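Before any comments, here is the structure.
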Amino acid sequence: MSALLEVEAVGVAYGKRRALEGVSLSVGHGEIVTLLGANGAGKSTTLKTISGLVRPARGRIVYQGDDITRVAPDVIVARGIAHVPEGRRLFPGLTVADNLKMGAFLPPARAHFAESVERVFGLFPVLKERRTQRAGSLSGGEQQMLAIGRALMSRPKLILLDEPSMGLAPVMVLRLFDLIRRIRAEGYTILVVEQNVRQVLKLVDRAYLLEVGRISMEGRADELSEQEFVRKAYVGL
């Protein structure tokens, strides 16, 4: 499988603190890959670096064969990478429909707005029902659906999901993961950071384990879930 995204020996520092140290990973076309690790390991920093919000001190990021390491965030979105940040970052005072419009702010996405809205409403029918409601009045699960839906409005090829199940009830977590499977079946490629290791390893093809800014383990999800270290430290077995 050819790689859609390649992160090559990326290092990131915040002042004197090194957040990432030589991180390398790849995501193939049509894959779901997860980046696991404890709080503070550098998972969110990795996603922010891919989407251009953080500049690496060294290394490079290659997307569809092109080096995007120094490319501006809006250009990266236009190239087909959508980032759903931790905490969702919706516009709570705007309606569901207006939040979706914000996801299609670039001209190529605006040209396909009606088609994209129908695709989002097909995946998330509850958003169609709630389209005139303010985003801040939605439940946590509905807000996460809206955050993902807004990202889909930019017509991405690669979706970066940062802690999508955070703060959700267990039954909503299972529903959300089923929806992510449906999104993948629609042809999207997904890189997800997720604390719910037990569930995410059932969802993804491959996993990387990030510890203190370094990749310490990688492999197929079913293989990693059987690793004693991962089971004890992250799955709770």
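Could you list, in sequence order, all residues of the range 133-146 that are within 18 Å of LEU179 (Cβ to Cβ) and surrounded by fewer than 23 Cβ atoms within 10 Å (Cβ to Cβ)?
Scanning the range 133-146 gives LEU138, SER139, GLY140, GLY141, GLU142, GLN143.
Being touching a Ser or Thr at 6+ places or on another chain (Cβ under 9 Å) and not in a strand (DSSP E or B) is the filter here; which residues of the range 74-87 pass it?
Result: ILE76, VAL77, ALA78, GLY80, PRO85, GLU86.
Determine which single condition LEU90 fails, assuming it passes every other condition in (1) assigned to a loop (DSSP other than H, G, I, E, B); (2) surrounded by fewer than 17 Cβ atoms within 10 Å (Cβ to Cβ).
Among (1) assigned to a loop (DSSP other than H, G, I, E, B); (2) surrounded by fewer than 17 Cβ atoms within 10 Å (Cβ to Cβ), the lone unmet condition for LEU90 is (2).
Residue-by-condition table, conditions (1) among the charged types (D, E, K, R); (2) exposed (fewer than 15 other Cβ atoms within 10 Å of the Cβ):
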| site | (1), (2) |
| --- | --- |
| LEU36 | no, no |
| ASN39 | no, yes |
| THR46 | no, no |
| ARG55 | yes, yes |
| ALA78 | no, no |
| LEU94 | no, no |
| SER116 | no, no |
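Please work out if ALA185 is modelled with pLDDT under 90 and surrounded by fewer than 20 Cβ atoms within 10 Å (Cβ to Cβ).
No.
From the list SER154, SER165, pick out the single residue that is without any contact (Cβ under 8 Å) to a residue 60 or more places away in the chain and among the hydroxyl-bearing types (Ser, Thr, Tyr).
SER165
Return the only residue of LEU158, LEU201, LEU209 being at pLDDT 95 or above and closer than 26 Å to ALA9 by Cα.
Exactly one of LEU158, LEU201, LEU209 is at pLDDT 95 or above and closer than 26 Å to ALA9 by Cα, namely LEU158.
Is it the case, given these coordinates, that ARG131 is part of a helix (DSSP H, G or I), farther than 19 Å from SER44 by Cα and in contact (Cβ under 8 Å) with a residue 24 or more places away in the chain?
no
The values are calculated or read from the model by the stated rules, or taken from the named source; none is laboratory data. Nothing here was measured: the structure is a model prediction, and the numbers come from that model. FYI the Cβ positions are ideal-geometry reconstructions off the backbone, even for glycines, and counts take in every protein chain you see.
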